[in-house]
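Visitor: Before I ask anything, let me first share the structure, which is written out below as structure tokens.
The values are calculated or read from the model by the stated rules, or taken from the named source; none is laboratory data. Remember, predicted model here, so these are calculated numbers, not experimental data. As a convention, Cβ positions derive from the backbone with ideal geometry for all residues, glycine included, and neighbour counts pool all protein chains shown.
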Amino acid sequence: MSKYGTIPTSSSAGGAPLGGPSRPDFISRAKARGATALATRRPWRELGDIHAIGLPHSLGDAYLRVRANLSHFAMNYAIVVLVVVFLSLLWHPVSLIVFLVCMVAWLVLYFLRDDPLVLFGRVVGDGFVIAVLAVVTLGLLLLTNATANILSSLLIGLVLVVLHAALHKAEDNADDEVVRWYAPVPPPPSH
């Protein structure tokens, strides 16, 4: 019986080593998760539709637009912010390298990990992993003297995202978001 084209679901004698999944398994899982995350991305043509741009009628309307568009275009907005940060780091190559190394550490130790992290025979909680990664990332970026550059580029990216979200008419997705987040409460029965 041939097993060509099948993905093994458990480790066998010739499968993954005892220490964890093999490198090809990890890479294929990372590709699958990346593809799943990118599948939530909306078409860029929809994001850049000039006919969908208009001033909101009120502050409440702007709030509802931002709320709906942040949910609808979440992956697109994340990509925009990451591109802005990446472009700002092009003039700081050491910071760019540190940022990329920290991003790989976050991916391996937090985002792409299926099994709990075990150090010295003890399971390390996700909260501890996040805290350590955040402190190490912040510390390394402070050592590169580009922290102000990174924070300003993050702020620019966030301003661009909120400005677009407030100006983009969310007619198609606003009703879904309004019902999801602001479903009217039925009145109490009168007796």
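Visitor: Filter the stretch 101-118 down to the residues that are part of a loop (DSSP other than H, G, I, E, B) and surrounded by 12 or more Cβ atoms within 10 Å (Cβ to Cβ) and list them by number.
Guide: Across the stretch 101-118, the qualifying residues are Leu112, Arg113.
Visitor: Residues being modelled with pLDDT under 85, among the hydrophobic types (A, V, I, L, M, F, W, C) and part of a helix (DSSP H, G or I): count how many of those fall in the stretch 134-150.
Guide: Of the residues in that region, 6 qualify.
Visitor: Could you check how many residues of the stretch 84-105 are touching a residue at least 60 places away in the same chain (Cβ under 8 Å) and over 14 Å from Thr137 (Cβ atoms)?
Guide: Result for the stretch 84-105: 3.
Visitor: Identify all residues within the stretch 62-94 that are small (Gly, Ala, Ser), at pLDDT 85 or above and within 21 Å of Ile156 (Cβ to Cβ); write none if there are none.
Guide: Ala62, Ser88
Visitor: While we're looking at this one, here's another question. Can we say Ile130 is within 18 Å of the chain's Cα centre (by Cα), β-branched (Val, Ile, Thr) and either closer than 30 Å to Thr144 by Cα or not in a helix (DSSP H, G or I) (or both)?
Guide: yes
Visitor: Checking the condition in contact with a Cys (Cβ under 9 Å, 6 or more places away or on another chain) and not small (Gly, Ala, Ser), which residue from Leu112, Leu133, Leu138 passes?
Guide: Leu133 is the lone residue from the list that is in contact with a Cys (Cβ under 9 Å, 6 or more places away or on another chain) and not small (Gly, Ala, Ser).
Visitor: Name the residue that is surrounded by the fewest Cβ atoms within 10 Å (Cβ to Cβ), counting only residues in the stretch 119-148 that are touching a strand residue (DSSP E or B) at 6+ places or on another chain (Cβ under 9 Å) and touching a residue at least 12 places away in the same chain (Cβ under 8 Å).
Guide: Asp126
Visitor: Anything in the stretch 87-100 that is out of contact with any Leu (no Cβ under 8 Å at 6 or more places or on another chain) and either of a type in the set (Gly, Ala, Ser) or assigned to a helix (DSSP H, G or I) (or both)? List them, or say none.
Guide: Leu87, Ser88, Trp91, Pro93, Val94, Ile97, Leu100
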